[in-house]
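Peer 1: Provided herewith is a single structure, encoded as C-alpha cells, for subsequent inquiry.
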Amino acid sequence: MRRTSSLSVRREARRHRYWRLAAPVLILSSLVPSTPTALPTNSKSSNPLITYASPQASTSGWVTSNLTSLVSGINVVGSPHVVSTNGVAYVAARLSNGDVALIQKGPASAATLTDLSASIGAPPASADPVPVLDPFGRVSLVYDSRGRLILLTPRWSLFSRGSRLAGPPSTYFVTTLNKGSGLPAYPGIPAVTSQGTSGVVAYRSTSSHAVVVQLHWNTPQSPALTSRALDLTRATRGQAIVGSPVVTPGQPNLVAVTDSGHHVELFLHQSGHWQNTDISALLGVPGLTGSLSAMTQGTAVHLVGLTSTGHVILLSAPSAFSQPTAWSVDDVTAQVNGPTLEGGLYSDDSTNTAIIAGAGTDQHDLWVYALAPGATTWSVTDVSRQSGNVSPLVHSDVSGGWVDGNLVLIDAGRGFAARGGVGVYAIPNASFSQAISDGWPILGETGGLGTLSAPWVQSQPPGTSQTPDFLLGRAIAQSQRNETWLSFWTVSGPLTPATTNAAGYYAHGYAAGQYVAHQIDQYAAQGLALKPNWVILDPEGYPDAHSGLDAPGGSSTSVISTYQSYWAAILSGWAKGISSVDPHLTPAVYASQSEYRTYGLATSGLPAFIAVAFGGGGPVRLSGTYGANVLGFIAFNATCVPQSTLRAEEKTLVSPPWSGLYNTLQFNSGVYCAP
C-alpha cells in the first residue's frame, strides 16, 4: 500500500496505509458461510452479552440480540447465568473489574443493570455468579469471592407491593455459606437449586472436593438458613473432582461430578445421609472431561457431559432415586454424526423438548442438539449461522433458560464469524457509515505509525477517541452489522547496528504488540466494546527498507537467512506481546509477495495479508506465495470508474489464481466508491 493520509506522512511506499478500524456488534442480518481455513477467523473478541431466543426451541426462527447495547455497553468476564420468573429474565454476570452485576429484562421493558458491588458493597466475584429463585420469588446470587462462598439475598421489602426500604441502606443480605468450615471455594461456578422451601448449593473446594451447603427458607423477611458446609468427597470416600459439581434442577437431593479419573460420581441424599455411586464404572460410560450439565423432565433426570473428543454423552434415569442399573447412557453426537463441542454445556428438558447447547470445537459456533416430544432422532442446529449476518460466536460456556415461553440462550460473546469477499481500505472518515450501509463486507484501517523510540509504534493522533481506527469501529458498532475488521499497525525495526539482530527485532515486536493490545483494549473505555478480526503488523516503519527487514538487492543466501531470522523474531515478538495483554486478539502480518516468498512467511504461524497492485498489467501471482496462511490480498491503485473496472478488480481478488478470502481495494486518497 502507498501511505497517504491527512496525518503527517514521512514517506511514500509501495503500499498505502490510512486510518481505519472496523468492528461489529451483534444484532440481525443474513448468514455467512464458514471459512474453509484452519487459521483463526473469528472476529471481535470483546465480551458483549448476547442472547439467542427461539420459540419452543425450534430448529429455525432463532433471533439474536445484543443485550450489552441495552445496558450501556458493559462487558463481562466468564459466562453469564440466567433465571426467569413471570416473564422477566434475571442475568447474573461478573464485570471485568470483579464487580457483581444483575441485569433485569422484561418482555416489553428496557434492560436495567445493577452493579451490586458498587451499589451495596457486595464482595467482589472471583468466578461467575449464579442466580437462584427462592420460594418467595426473590432472585438471590451465589458466587465465590476469594474462597468465600457468598449468598446475596434481596430484602423482601424491595419486592412487596412496591414498598420502599426504610432503615439500613443495604438492600441485600450477605451470607457467607462456608464460614468457619475450613473448606474454601475454588474459583469456579457453584451449582444451586431449590424445591419448595429447601435448596442446596454445591461447589468445588480448593482441595478439589465436592462440598454442599443445604438451604432452608422460612420467611420472606430473612435469608435462607444454612447447614454447615459438608465435604461430600471425604464423607463418601470419593475421588478428587475436576470442573464444578452440578445439581439436578428442582431436585436438591442429587449432586453429580466428574472425578479425576474421568468417571461420573453421583451423590444422593436419602434417609438423612449422602451416598456415592460411580455410575461410569457400572455403565461403562466413556471418560468425560470437565463439568457436567443437568436437566429434569418431571421426575426423570439427565446428566450431560463431553468426552475428550467432544462427543456429547447423555446419562438418564427415571428419577434421582432410581437404582444404578436403571441408568442408561447414549452418545448423542455419534447417533446423528453431529458436531463436537467443548467447554460448559447448557441443557434443559422442562418442556418435553430436550435441549443441549454448547460451543463447537471448530469455529466456536453455538450448536443446539434438540429432541422433540415423540422423536427418536436428535436434530442439530447451528444457531450462530441462523442468527442473521452477524454470525455470533460463543465462548466455551453457554447458559440459558425459558423466558416468556421462549428458550433463551445467553453467552458473553466471543465475536462473530468473519465475512469474506472484497472490501475497502483507507476511505475517508466521513464515508465509514456509508461504506457499511452500501454493503462492503470488509473494512481495513491503520491503527498507528512507526516511531523512532519504544514502543516503536504510536496511534495517530494519540487521543484514542480521535483516531480513524476508533471512529470506524464506532461506526460499525452503531450500524449493528457484522463487518470484517482489519487493523494495521506500522512497527519500526532496530535503528542501530548494535541492536540490528534477531533479539532486537523480537524486542521491537514484543513492545509494539503490547502497546497495540493496550490501545485496542482502551476502546472499551470510550464505549466501543468491539475488537478487530486481525491485528496486523505492517513493516513500513523506520528505518527504510521496510523497518530494515528487507535485505539489500543481490544479497547472498547467508544474508537472506539472517533477514529471515529478523522476520521470524519480530513476528514472534508481535504475537507474544499481543497475547500477553489480550489473548483474544489475533495477530497477523502484512507483506508483499516477494517478502512472503523470500523470508519464509509461510511458516510464520501467523495469518498473512499480501500487498498487490492494479495497473501495468498487474497484479501477477508469484510462485511461492500459495501458503495456507494467506488469507487475503490488500490491493492499491484500484479504480471505480467505469464501474465495470471495479467489478473486474473485485472478481480478480476472489478468483484463481488469487482466491483471497478477505481482501480490500484502496482507491486514490480522499476517494470513496460504492460496491
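Peer 1: Sort LEU665, LEU495 by accessible area with a 1.4 Å probe, largest first. Please list the in-between numbers first.
Peer 2: Values: LEU665 0, LEU495 75 Å².
I get LEU495, LEU665, largest accessible area first.
Peer 1: Then there's this: Could you work out what % of the accessible surface of segment 537-675 is carbon and sulfur, using a 1.4 angstrom probe and leaving DNA, RNA and ligands out of the count? Before the final figure, lay out each step's value.
Peer 2: On the way: 2990 of 5340 Å².
Here it works out to 56 percent.
Peer 1: PHE633: accessible area at probe 1.4 Å, nearest 10 Å²?
Peer 2: The accessible area comes out at roughly 0 Å².
Peer 1: Just grab the label-to-label distance for THR499 and SER319, each label 7 Å out from Cα along the Cβ direction, in nm (one decimal).
Peer 2: Roughly 7.5 nm, to one decimal.
Peer 1: For segment 298-312, just list the computed ³J(HN,Hα) in residue order, Karplus coefficients 6.51, -1.76 and 1.60, θ = phi - 60°, integers in Hz, with x standing in for Gly and Pro.
Peer 2: x, 8, 5, 10, 9, 10, 10, x, 10, 7, 5, 9, x, 6, 8
Peer 1: If I model a spin label as a point 7 Å beyond the Cα along the Cα-Cβ vector, how far apart are those points for VAL620 and ALA281 in nm?
Peer 2: Using points 7 Å along Cα→Cβ, the separation is 7.3 nm.
Peer 1: Test of understanding: what is the full-extension gain from LYS651 to SER558, defined as 0.36 nm times their sequence separation minus their Cα-Cα distance?
Peer 2: 29.5 nm
Peer 1: Which order do LEU341, LEU622 take when ranked by solvent-accessible area (1.4 Å probe, heavy atoms of all protein chains), largest first? All intermediate terms of the calculation are to be shown ahead of the outcome.
Peer 2: On the way: LEU341 5, LEU622 55 Å².
Largest accessible area first, the list is LEU622, LEU341.
Peer 1: Across segment 248-389, what fraction of all alpha-carbon pairs, as a whole percent, falls in each successive 10 Å bin from zero upward?
Peer 2: The distribution over segment 248-389 is 12, 43, 34, 10, 2, 0, given as percents.
Peer 1: Excluding ligands and nucleic acids, what accessible area in Å² is computed for TYR542 using a 1.4 Å probe, to the nearest 10?
Peer 2: Accessible area of TYR542: about 60 Å².
Peer 1: Computing the accessible area with a 1.4 Å probe over protein heavy atoms, can you report the carbon and sulfur percentage for segment 261-308?
Peer 2: Carbon-and-sulfur percentage of accessible area, whole number: 50.
Peer 1: Over the alpha-carbon set of segment 162-305, work out the extent along each principal axis and list the three values in angstrom, largest first.
Peer 2: Projected onto the principal axes, the Cα atoms of segment 162-305 cover 58, 36, 27 Å.
Peer 1: By how many nm would the segment from ALA674 to SER437 lengthen if fully extended, with 0.36 nm per residue of separation less the alpha-carbon distance?
Peer 2: Working: separation 237, 0.36 × 237 = 85.32 nm, distance 0.96 nm.
Extra length available between ALA674 and SER437 comes to 84.4 nm.
Peer 1: Okay, next question. Would you kindly derive the ³J(HN,Hα) couplings of segment 660-672 from the backbone phi angles with the Karplus curve 6.51 cos²θ - 1.76 cosθ + 1.60 (θ = phi - 60°), listing them in order in whole Hz, with x for Gly and Pro?
Peer 2: Result, rounded to whole Hz: x, 7, 10, 10, 9, 10, 10, 9, 4, 4, x, 9, 10.
Peer 1: Further question: Give the share of C-alpha pairs in each 5 angstrom bin for segment 569-648, from 0 to the last occupied bin, in whole percents, shortest bins first.
Peer 2: Over segment 569-648, the share of Cα pairs per 5 Å bin runs 3, 14, 22, 18, 15, 12, 9, 6, 2, 0 percent.
Peer 1: Then there is this: So for CYS673, CYS640, what's the accessible-area order with a 1.4 Å probe, most first?
Peer 2: Values: CYS673 5, CYS640 35 Å².
Putting CYS673, CYS640 in descending order of accessible area: CYS640, CYS673.
Peer 1: Around ARG146, which amide H atoms from residues at least 5 apart in sequence, or from another chain, sit under 5 Å from its own amide H, with H modelled in the peptide plane?
Peer 2: Excluding prolines and chain starts, which carry no amide H, the hits are SER126.
Peer 1: Okay, next question. Could you list which residues have their amide H under 5 Å from that of ALA354, counting only those 5 or more apart in sequence or on another chain, with H placed in the peptide plane?
Peer 2: Hits under the 5 Å cutoff: LEU371.
The values are calculated or read from the model by the stated rules, or taken from the named source; none is laboratory data. Computed from a predicted model, the values in this text were never measured in an experiment. Every residue, glycine among them, receives a Cβ derived from its backbone with ideal geometry; neighbour counts consider all protein chains shown. Just so you know, the surface numbers come from the protein's heavy atoms only, side chains and all, with ligands and any DNA or RNA stripped out. Shrake-Rupley method; radii C 1.70, N 1.55, O 1.52, S 1.80 Å.
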